[in-house]
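This report concerns only the one structure given below.
FYI, it's all coordinate maths here, none of it is from the lab. Computed from a prediction, not measured in an experiment: that's the story for all the values here. So basically every Cβ, Gly included, is an ideal-geometry build from the backbone, and we count neighbours across all protein chains shown.
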Amino acid sequence: MHLRHHHLLDERVLVTPDTFRVGLVRRTLDIAIAGTLLVVTLPLLAVAALLVRLSDGGPAFFRQVRVGEGSRPFHLLKLRSMRVSKDGPQVTAVGDDRITAVGRILRRTSMDELPQLWHVVRGQMTLVGPRPESVELAEAYPASCRFILDARPGLTGPAQLTYREGSAVPPDGWGVEQWYLTRLVPLRVDADLDYLTDPSVRRTFAYLWRTALFVLGRPEGHATEVVQARADLRTP
């Protein structure tokens with residue numbers, strides 16, 4: 001067990017092997033909700049995959065090794081939203097020219113993440129949790145933040161809702177990945193740790209509700225998070 005400093009709360013949080021465990025209730029919610037959504041959205045997923053395929057002739061899906069629970073790698077599947085074989089940073093920010101026209105729509109509505117429902121059903125991911133990080137970024141995490149990689153990654157989560165692509169746009173003089181790893185990762189870890197130390201059913205549904213509002217384009221779904229993100233990023 002370890003004591004981790006929660007920067008936003010300015011206190012130490014006890015992290016034990018049980019802190020990140022997905023209990024029976026959360027697992028039941030994962031299977032029930034993700035399984036239902038997977039069936040309901042299957043026609044939409046098929047149409048979206050066809051549009052991606054027709055847009056530039058490339059593959060409909062993007063497959064990449066990500067860091068899963070216990071820092072174990074797994075192959076994550078998403079609808080492809082970027083151009084094929086175009087090099088660039090591991091972090092995607094607003095205005096990234098690698099994103100296709102169809103991809104912008106998919107990312108704005110989070111439709112590119114629909115295939116991840118299958119990962120939730122399989123137990124590789126959970127509904128609410130930290131971002132499933134790429135191996136390259138995970139290896140570059142600050143040492144004080146790497147413990148979060150032991151948690152089961154989530155389809156959505158506090159950090160994913162608060163620090164979206166707009167937050168990844170660095171100030172002048174910063175590289176995208178440098179800004180992400182140095183400034184954003186500690187904030188994201190704090191936000192996720194706050195949930196993981198108390199992943200109650202009420203809080204889980206609260207984050208799912210905020211996610212639904214965001215996907216539906218409702219301002220109240222993310223306005224508070226945007227204000228909080230801006231305040232956090234201004235804090236030295």
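The figures follow:
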| quantity | calculated |
| --- | --- |
| From Arg202, Arg210, residue being in contact with a Gly (Cβ under 6 Å, 6 or more places away or on another chain) and part of a helix (DSSP H, G or I) | Arg210 |
| Complete set of residues in the stretch 107-136 that are part of a loop (DSSP other than H, G, I, E, B) and of a type outside the set (Asp, Glu) | Ser110, Leu114, Pro115, Gly123, Gln124, Met125, Gly129, Pro130, Arg131, Pro132 |
